[in-house]
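Participant: Take this structure, written in structure tokens, and hold onto it; I'll ask about it next.
Derivation of every value follows stated rules applied to the coordinates shown; laboratory data play no part. Only a predicted model underlies this, so the values are computations on that prediction, with no experimental measurement involved. For neighbour counting, all protein chains shown are included, and Cβ atoms are generated from backbone atoms with ideal geometry for every residue, glycine included.
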Amino acid sequence: MAKIWRKFKNVFSDEEEEDSWVDQFGEHCPKLPLRTRIICWGVCFGIGTFLSFLGGIFVLKITKQPEIFATLYTSGNLVAMAGTCFLWGPCAQCKKMWDSERWLATTIYLVSMVITLVCAFVVPPPWNVLAVIGALIFQFCALVWYSASFIPCGRKILKKIISGVFSCCTGS
């Protein structure tokens, strides 16, 4: 009903439809000078890395406070990933994340973040520590696979590296 009303209103009025905040934000990022976009990405990446590093410090207290560790590490990954919106713009970034070649990697990466937080906050002690460590390993692997999807032939190279490591370990 709302769509019909907007179309009706647009036909009979001189007012232009207001852009959503996503459209307005998306218009500004690509218009920023390249130097500014790189600086903003670097700041987000730095903050994200710092948060993940803080989470690494709390790994020593994981048996008592797995929530802090999981929250800092996952927040760091989210902030670093959000920083890429400055490079391409948020709309272009979302299109790249959900295109046919990497939608599965994106989904697995985002789900791994949720699993890490669920393990920290929902799973009862002492199992939450093992669950968080397992989820963290899963999240890191998903991050590597997701990142490799943005590098030309990145996943193919990663597969060769992994198969080479496994063949060395198994003696094949």
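Participant: Just how far, in whole angstrom, is region 133-157 from region 50-71 if you go by their alpha carbon centroids?
Facilitator: For region 50-71 versus region 133-157, the Cα centre distance is 21 Å.
Participant: Each residue of region 69-84 in order: what ³J(HN,Hα) in whole Hz does its phi give by Karplus 6.51 cos²θ - 1.76 cosθ + 1.60, θ = phi - 60°, with x for Gly and Pro?
Facilitator: 4, 5, 5, 5, 5, 5, 4, x, 5, 5, 5, 5, 5, 5, x, 5
Participant: Based on the mean of other beta carbon atoms within 10 Å per residue, what is the order of 39-46, 68-75, most packed first? Before the final figure, lay out each step's value.
Facilitator: On the way: 39-46: 15.4, 68-75: 22.0.
For the peptides 39-46, 68-75, the packing ranking is 68-75, 39-46.
Participant: While we're here: Each residue of region 44-55 in turn: what ³J(HN,Hα) in whole Hz from Karplus with 6.51, -1.76, 1.60 and θ = phi - 60°, glycine and Pro shown as x?
Facilitator: 4, 5, x, 5, x, 5, 4, 4, 5, 5, 4, x
Participant: What ranking, highest mean first, results for peptides 151-158, 134-141 when packing means the other Cβ atoms within 10 Å averaged over each residue? Could you put the intermediate results ahead of the total?
Facilitator: Numbers: 151-158: 12.4, 134-141: 18.0.
Descending mean neighbour count gives 134-141, 151-158.
Participant: Still on this structure, please answer the following. For a label point 7 Å from the Cα of PHE50 along Cα→C-beta, name the residues of region 65-109 whose backbone N is under 20 Å from it.
Facilitator: Answer for this model: 68-87.
Participant: Any chance you could list the semi-axes, whole Å, largest first, of the equivalent ellipsoid that the Cα gyration tensor gives for region 30-172, using √(5λ)?
Facilitator: Details: eigenvalues 148, 103, 38 Å².
Semi-axes (√(5λ), whole Å): 27, 23, 14.
Participant: Which is farthest toward the positive dipole end of region 35-172 among LEU104, LEU158, GLY134, measuring Cα position about the Cα centre, with Cβ charges +1 (Lys, Arg) and -1 (Asp, Glu)?
Facilitator: Of LEU104, LEU158, GLY134, it is LEU158.
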